[in-house]
1. In nm, give the distance between the simple-model label positions of Asp224 and Asp168, each being 7 Å from the Cα along the Cα-to-Cβ direction.
2. Classify region 158-258: rounded, prolate or oblate, from the alpha-carbon gyration tensor (a ≥ b ≥ c, eigenvalue square roots; a/c under 1.5 rounded; otherwise prolate if a/b is larger than b/c)?
3. Considering amide H positions built from the backbone, and no H for Pro or chain starts, which residues 5 or more places from Val135, or on another chain, come under 5 Å of its amide H?
4. Quick check: net charge around Ala194, other residues with Cβ under 11 Å of its Cβ, Lys/Arg +1 and Asp/Glu -1?
5. With a Förster radius of 22 Å, plug the Cβ-Cβ distance of Arg64 and Arg253 into 1/(1 + (r/R0)^6) and report the FRET value to the nearest 0.05.
6. Quantify how much of the Cα-Cα distance distribution of region 82-229 extends past 28 Å, in percent.
7. Give, as a single signed number, the net charge of other residues whose beta carbon lies under 13 Å from the beta carbon of Ala230, with Lys and Arg counted +1 and Asp and Glu -1.
8. I'd like the Karplus ³J(HN,Hα) series for region 201-207: coefficients 6.51, -1.76, 1.60, θ = phi - 60°, whole numbers in Hz, and an x wherever there's a Gly or Pro.
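Bear in mind these aren't lab numbers, they're just calculated from the coordinates by the rules spelled out. The model shown is predicted, which means the values in this text are computed figures rather than measured ones. Please note: Cβ atoms are built from the backbone with ideal geometry, for glycine as well, and neighbour counts cover all protein chains shown.
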Amino acid sequence: MPMENFNTDPTSLLRIWATIGASLRTSRTLPVAKWAAATRMIAAVRPKMEADAKRLQVLLEQSREKLLPLGEPFDLDLGLHRWLDAEREEAYSDWLEWVVRQAKTATNIFGLFGIDLPDDLPKDAILHVRREVRVAHGHADHEGRLDLVVALGDQVVLVIEVKKGDADHADTTKQAGYKIVHPNAKHVLLAVSAVEIDYEGFEFRSWAQVCIAIRRLALALKNDKQLMVAAMVLAFAAAVEQNLLGFSAELVRGICDRTRFFFNSSVVDHFNNFLTD
């Protein structure tokens, strides 16, 4: 079908070409490429890409102003360090534990994960965080170990399981056992992406959502004159954004410098979410 018969909306064009590309990969004989159609697709997409690049530049400047004197983390390359490599999920859990400790109150901690505060939990209650808490249930007939446990005294109010990748490719079956241990607590599964909302009683929250909340926590700490703590909290959000979400500093520079033409516009949405109250 001629390209002019397609909807010229850039997003629709990209979806069409993704479908065509998927079918070609399974074909034994590939047709001779005709680049005229690809050229028209690029021409149709270019206005959106250019608009997104301009929008990103504006959002970056707004973020720099909002974070002063801390600065915008994407101005610094926080690419993968050895202690944050693919085999060290616990490094993210360790740093997240420290960040949650800085939030301190029930309102702030539950807010980090977008969870409604239980009616019986005082908003200003100081909560305590523990890491790698051993419990009697996990996988069938096995003990388990909870990544993060948040408690008010002896009462566990929040349990967080941390995954570095996609929830649907992670081991979540053990969470059915975890849910038995603290049935009255809120349970969160933190991952990059997910198909479902609930995984064995744990409610999915994306790293992107939590990073926005962590950036806002850094702002609150900065306004409270806790600049050192704010900077370290902000650094964790940046490490996740650049290493787990794929929003590298190099990518952002390439978009703004127009050396990176094709890119996922979710990076623009991410900044917009941070700057939108």
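1. Label at Asp224, label at Asp168, 3.9 nm between them.
2. On the way: a/c = 3.32, a/b = 1.49, b/c = 2.22.
Here region 158-258 falls in the oblate category.
3. Gly144, Arg145, Leu146
4. On the way: positive: Lys163, Arg205; negative: Asp166, Asp168, Glu196, Asp198, Glu203.
Cβ neighbours under 11 Å give a net charge of -3.
5. Numbers: r = 14 Å, r/R0 = 0.64.
The computed FRET efficiency comes out at 0.95.
6. 16
7. Values: positive: Lys66, Arg215, Arg216, Lys222, Lys225; negative: Asp224.
Once all neighbours under 13 Å are counted, the net charge is +4.
8. Those phi angles translate into x, 9, 8, 5, 9, 7, 4 Hz.
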